[in-house]
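Structure record follows, encoded as structure tokens.
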Amino acid sequence: MLAAKDERHAMTATLWFNIAHYAIRPWPWIIVALSSMLVFPTLADIKTALPHVSDSLIGNDLAYPAMLTLLPAGLIGLLVAALLSAYVSTMSTHLNWGCSYLVHDFYQRFLNPDATEKRMVWLSRVMTAVLMAVSGAGMFLLTTAGEAFQLLLSIGAGTGLLYLLRWFWWRINAWSEIAAMASSFVIAVTLFVARKEGVLELSSHVALVLSVALTTVVWVAVTFLTPPADGATLRRFYSVVRPAGPGWRKVVGDAPDVGPRDSLSLAVLGWVLGCTFVYAALFGAGNLLYGEGAQAAVCIAAAVASGVGLMIVVPKIWGASAAAESRETPAGH
């Protein structure tokens, strides 16, 4: 989105990403998973395909690696290279991302604003090693891919509400985000270890809800205990982003020359239509593969209807954005 030419291109790219990521890309994985149920119907069959894997690790999540044993030498080599590339690129991205948060967004901004570039680079190298060591040590807490997924889901879900509300509520500041990220990580890991060690008897979905609730309490408390961003920054943000809803009334009151921009009703309608389109297309394709004609027809009809709705709503959102930009651009420019 940040690399797009304008808001229209950014919105189009985001819509296409969600369609490709959720409605199209999962199906090669799902087809492989369905095939694995026929090729390896029991865990004993998976054990036969992976004889060198410990019995304690044999589970349903190893069906995909077991399917890889059926590939010929050339294709499995290509797939291993692709998996390693994806793994290394993701790992390096998160290491760089983590260093950026810790060194640039936290250390330089709050602890040492006058830090030199040399010191920042040195500290980034140190933090890269620290993050790598911590993440490596954390792997000893995990025994299956399913556990890793549940832990990552809990860590990410705790910050989800903040990442949404920060666009619609002027009071959220940098400390809110720092508190949300830190508390979400600590709470999710603590609950994960407590459940794994038998200290807490909680199902995964209850632990997820509890992690979100506790993280929300922490960042909301920090929000009210810390000062908001300065008025000039808030007004500049509002004039550029044009957030809808009542959450910015105080800022609008402080800057009467910057009126409300986006339509909350159009945004919500576009969101509902977009979600309906993506998931109806996903489940429609699935029902077709399963031979469920009636359910497939309903899903496809919902996808078509929501797609038509998007074709009507999205240009109206673009029109509102263009009108707002034209009001901000001086005549003759």
Search the structure for amide H atoms under 5 Å from the amide H of residue 200, placed 1.01 Å from N in the peptide plane, and list their residues when 5 or more places away or on another chain. 195
In the chain, if the dipole is taken from +1 on Lys/Arg beta carbons and -1 on Asp/Glu beta carbons about the Cα centre, which of 54, 11, 212 is farthest to the positive end? 11
Expressed in square angstrom to the nearest 10, the accessible area of residue 147 with a 1.4 Å probe stands at 50
Run the helix sum for the chain: -39,500 (n - 2.57) per DSSP H stretch of 4+ residues, divided by residue count, reported at 222 nm to the nearest 500 deg cm²/dmol. -24000 deg cm²/dmol
Sequence order, the range 292-308: Karplus ³J(HN,Hα) from phi using 6.51 cos²θ - 1.76 cosθ + 1.60, θ = phi - 60°, Hz rounded, Gly and Pro as x, gives 8, x, 5, 5, 4, 5, 5, 5, 5, 4, 5, 5, 5, 5, 5, x, 5
Based solely on C-alpha atoms, express the radius of gyration and the Dmax of the range 1-128 in angstrom. 22.0, 62
The answer for residue 226, listing residues at least 5 apart or on another chain whose modeled amide H is closer than 5 Å to its amide H, is none
Considering the Cα positions of the range 159-291, please state its Rg to one decimal place and its Dmax as a whole number of Å. 19.8, 59
Run the dipole for the chain about the Cα centre, Lys and Arg Cβ at +1, Asp and Glu Cβ at -1, nothing else charged, and hand back the magnitude in debye, nearest 20. 640
Computed FRET efficiency, Cβ-Cβ of residue 224 and residue 202, R0 25 Å: what is it to the nearest 0.05? 0.30
Nearest 20 debye, what's the magnitude of the dipole of the range 1-90 about its Cα centre given +1 on Lys and Arg Cβ and -1 on Asp and Glu Cβ? 200
Compactness check, the chain: C-alpha Rg relative to the 2.2 N^0.38 Å globular estimate gives 1.22
Please report, to two decimal places, log10 I(q)/I(0) for the range 8-73 at q = 0.13, 0.26 Å⁻¹ as given by the Debye formula with identical point scatterers on the Cα atoms and no solvent. -0.50, -1.06
Quick one: how many Å² of residue 99 are accessible to a 1.4 Å probe, rounded to 10? 10
Convex hull volume per residue in cubic angstrom - Cα atoms of the range 85-151: 99
When ligands, DNA and RNA are left out and all protein chains stay put, how many square angstrom of accessible area per residue does the chain have with a 1.4 Å probe? 63
Carbon + sulfur, % of accessible area of the range 72-219 - ligands and nucleic acids excluded, 1.4 Å: 74
On alpha carbon coordinates alone, what is the Rg over Rh value for the range 78-192, Rh being the Kirkwood radius? 1.01
Identify all lysines with a Cα-Cα distance to residue 5 below 24 Å; exclude those on the same chain that are fewer than 8 residues away in sequence. 316
Residues with beta-carbon under 14 Å from that of residue 194, excluding residue 194: net charge, scoring Lys, Arg +1 and Asp, Glu -1? -1
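The values are calculated or read from the model by the stated rules, or taken from the named source; none is laboratory data. If you're wondering where the values come from, they're calculated on a predicted model, not measured in any experiment. Cβ: placed from backbone, ideal geometry, glycine included. Neighbour counts: every protein chain shown. Calculation scope for accessible area: heavy atoms of the full protein, side chains included, ligands and nucleic acids excluded. Shrake-Rupley method; radii C 1.70, N 1.55, O 1.52, S 1.80 Å.
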